[in-house]
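Right, one structure below, let's go through it.
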Amino acid sequence: RAYLCRVMGDESDYAAAMLLGSREALPEDDTDAFRRVGVAHVLTISGFHVGVLAWLLLRVLGACRPGVRLGIMAAVLTVYCFLTGLSASVVRAALLLLLAQLGRILHRQVNGLWLWFSCYCATLLACPAQLTSAGFQLTYGAVLGLMTVTPAMERLWKPRRKGTKWIWRALCASIGAQTGVLLPMAWWFQKLPLLGTVLNLLVLPYASVLIVVYWAVLLLGWIP
């Protein structure tokens, strides 16, 4: 966090929030604004942030052997889990990604629901008290929606144009994730994130680019 502040100055507040989950320096008005429009998850380390990091690792390690690539990814994601305080969302996403990669190396069919169930049970065995926490329910609810609602919606329409196809898939993913968290959101916060479903179409691609740039700054900041 101090390193980012030294390299980026005041702009490091959002970088620290989106890379490490450190939101102490963010203005309260900003976090409230993100929360009101349903996109506060961008500032909270979750499976989305882990997915961007895993995508970067796969691109950088593309020429490595599968076993070596899996080992390096496991080491990096383990360190990242500890850096972010072993939050349920980060541990879940890391387990899902590593199990999926292991399945591909072993030439096994990767079943998303089985992976979800395996990580669900593993995290509850490690800490059963998580079952009654808002973060745990939101995390696994969003992933369950992505694995069930999103594919069902994508089968309803098969656009041919690449741009239209991308927009439709992004909308399906946003609706799937929001569907998965409807009940936990209504229970814990007494509101439904309907506006966030539309805004995520713009916010998530922009946030992905920001996270990639922030990682580049963090890794290359030692260069004068």
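Mind ranking Arg169, Arg1 by accessible surface for me, highest first, 1.4 Å probe? Before the final figure, lay out each step's value.
Numbers: Arg169 130, Arg1 90 Å².
Sorted by accessible area, descending: Arg169, Arg1.
Dividing the Cα radius of gyration of region 43-173 by its Kirkwood radius returns 0.99 for Rg/Rh.
The Rg/Rh ratio for region 1-62, using Cα coordinates for both the radius of gyration and the Kirkwood hydrodynamic radius, is 1.04. Each 10 Å bin from 0 upward holds the following percent of the Cα-Cα pairs of region 106-182: 18, 38, 30, 12, 2.
Note on the chain: with a GNM built from Cα contacts shorter than 10 Å, the maximum mean-square fluctuation among Ile45, Ile72, Ile175 falls on Ile72. Need the C-alpha centroid separation for region 82-118 versus region 131-200, integer Å. The two parts, judged by their Cα centres, are 19 Å apart.
Rg and Dmax of the chain, based on Cα coordinates, read 17.9, 53 Å.
Whole-percent P(r), region 12-102, all Cα pairs, 10 Å bins from 0: 16, 44, 27, 11, 2. Put simply, the convex hull of the Cα atoms in region 66-143 casts, on average, a shadow of 5.1 nm². Accessible surface area normalised per residue over region 1-82 is 53 Å², counting heavy atoms of protein chains with a 1.4 Å rolling probe.
Assigning unit charges at the beta carbon (Lys, Arg +1; Asp, Glu -1) and nothing else, what dipole magnitude in debye, to the nearest 20, does region 54-159 show about its Cα centre?
Numbers: 8 positive and 1 negative charges, 75 e Å.
Roughly 360 debye for region 54-159.
As a ratio to 2.2 N^0.38 Å, the alpha-carbon radius of gyration computed for region 142-202 takes the value 1.18.
The values are calculated or read from the model by the stated rules, or taken from the named source; none is laboratory data. Everything quoted here is computed from the prediction, not taken from an experiment. Positions of Cβ are generated from backbone atoms using ideal geometry, with glycine treated the same way; all protein chains shown enter the neighbour counts. We work out accessible area using only protein heavy atoms, side chains counted, and drop any ligands, DNA or RNA first. Shrake-Rupley method; radii C 1.70, N 1.55, O 1.52, S 1.80 Å.
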